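Following: one structure in structure tokens, then a few remarks.
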Amino acid sequence: MAVQRAALHGMLLLAAAASGAAAAKVPAVYVFGDSTADVGNNDYLPWSIPRADFPHNGVDFPGGRPTGRFSNGLIGADFLAIAMGFSGSPPPYLSLMAATAANSSRSSSEVTRNTTMAAAAAYMSGANFASAGSGLLDSTGSTISMTQQIGYFSDLKDQMSNRLSAGKVADSLSKSIFLISAGSNDAFDFFSQNRSPDSTAIQQFSEAMISTYDSHVKTLYHLGARKFAVINVPLIGCCPYLRSQNPTGECVERLNQIAKSLNDGIKDLFSNLSSEMQGMKYSIGSAYQLVSSLIQSPHAAGLEEVKSACYGGGRFNAEIGCTPHLQLLQ
């Protein structure tokens, strides 16, 4: 979407700063999800097609360079972390692994030891495992599945346990924030296979998704997570690409119905889990409602255009993928 980017960026950053503090409010933030939360993990996947390591991604990010975020600037994971007292999203997990691996091959044991200690110290304030193109289902995408993301977190916990007592690790994790932003790609995949699903098909898909979500949350809980920040599925039927495929140019309402069905299930799931699992707390951020309000009242948020992508080509700037040579819509 084309926006008055500086105004929107300033508004979000001001809101985050207003709720933030000089000292971190929680020990760490751990991030799981798709392109809405990825801050560069896909840059370390040589086979990955979804990647954001080229302009104009990052044009409004400090320094004006691409960072692996699928955005002109900061993303939700950054704003949440800032609100918790950090400078931004924790680093992509694979960047920490790459740094450790690169230095472990050097002859200097001092360099290796220092790098390993630095990576371990970084773990203590969190890590971002999100991978663009992934979903809640392992069958969605070909990047880092949610199952693998949680597996990486389990490995990270083992690294923490090598430095701290079991009690201190458990205490740190129980006070940390676990952000999950996923589900859109699963819905896209389902819709691509059945463009006219009836209510029964949508219900069956939603139930399968929620069952998988349930399993992921329980795994994280048993690994020590207690505080969950959940971003639900946006109004994905209104994204520029779907509009470009619709002869009327309007939102694809059937896909929005799928998103709403998933969100109803997510709401019920976390309500039930929090009553069953001791110490679990959660908050759901409605990306669905946020996008809906921006489409209905764009000028209130400083937006001028809410149908077209910020850059790309073809109808609604969405029929040709983002490439550096294409003009950025101001």
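No lab work stands behind these numbers, since they all come straight from the coordinates. All values derive from a computational prediction rather than experimental measurement. As a convention, Cβ positions derive from the backbone with ideal geometry for all residues, glycine included, and neighbour counts pool all protein chains shown.
Where does each of Thr200, Thr147 land when they are ranked from fewest to most other beta-carbon atoms within 10 angstrom?
Ordered from fewest to most neighbouring Cβ atoms within 10 Å, Thr200, Thr147 come out as Thr200, Thr147.
Averaging over all projection directions, the Cα-based convex hull of region 158-235 occupies 6.3 nm² in the image plane.
Scaled against 2.2 N^0.38 Å for its residue count N, the alpha carbon radius of gyration of region 200-247 is 1.63. Close amide-amide hydrogen proximity is noted between Leu136 and Gly183, Asp186, each under 5 Å apart and 5 or more residues distant or on a separate chain (H modeled in the peptide plane; Pro and chain starts excluded).
Applying the Karplus relation 6.51 cos²θ - 1.76 cosθ + 1.60 with θ = phi - 60° to region 156-161 yields 3J(HN,Hα) values of 4, 4, 4, 5, 4, 5 Hz, where x marks Gly and Pro. By the count of neighbouring beta-carbon atoms within 10 Å, fewest first, Val39, Val31, Val26, Val230 end up ordered Val26, Val230, Val39, Val31. At a temperature of 25 °C and a viscosity of 0.890 mPa s, determine how fast region 196-293 diffuses translationally according to Stokes-Einstein, using the Kirkwood radius over alpha-carbon pairs as Rh; express D in µm²/s, rounded to the nearest whole number. It comes out at roughly 167 µm²/s.
In terms of surrounding Cβ atoms within a 10 Å radius of their Cβ, Asp53, Asp198, Asp186, Asp38 rank from fewest to most as Asp198, Asp53, Asp186, Asp38. For the set Lys157/Lys227; Lys168/Lys218; Lys157/Lys267; Lys227/Lys267; Lys175/Lys260, the pairs lying more than 19 angstrom apart at their alpha carbons are Lys168/Lys218; Lys157/Lys267; Lys175/Lys260. Taken about its Cα centre, region 145-292 carries a charge dipole of about 540 debye when Lys and Arg each add +1 at the Cβ and Asp and Glu each add -1 at the Cβ. Taking GluC sites (Glu not before Pro) across region 199-260, the ones in a DSSP loop with at most 16 further Cβ atoms lying within 10 angstrom of their Cβ are Glu250.
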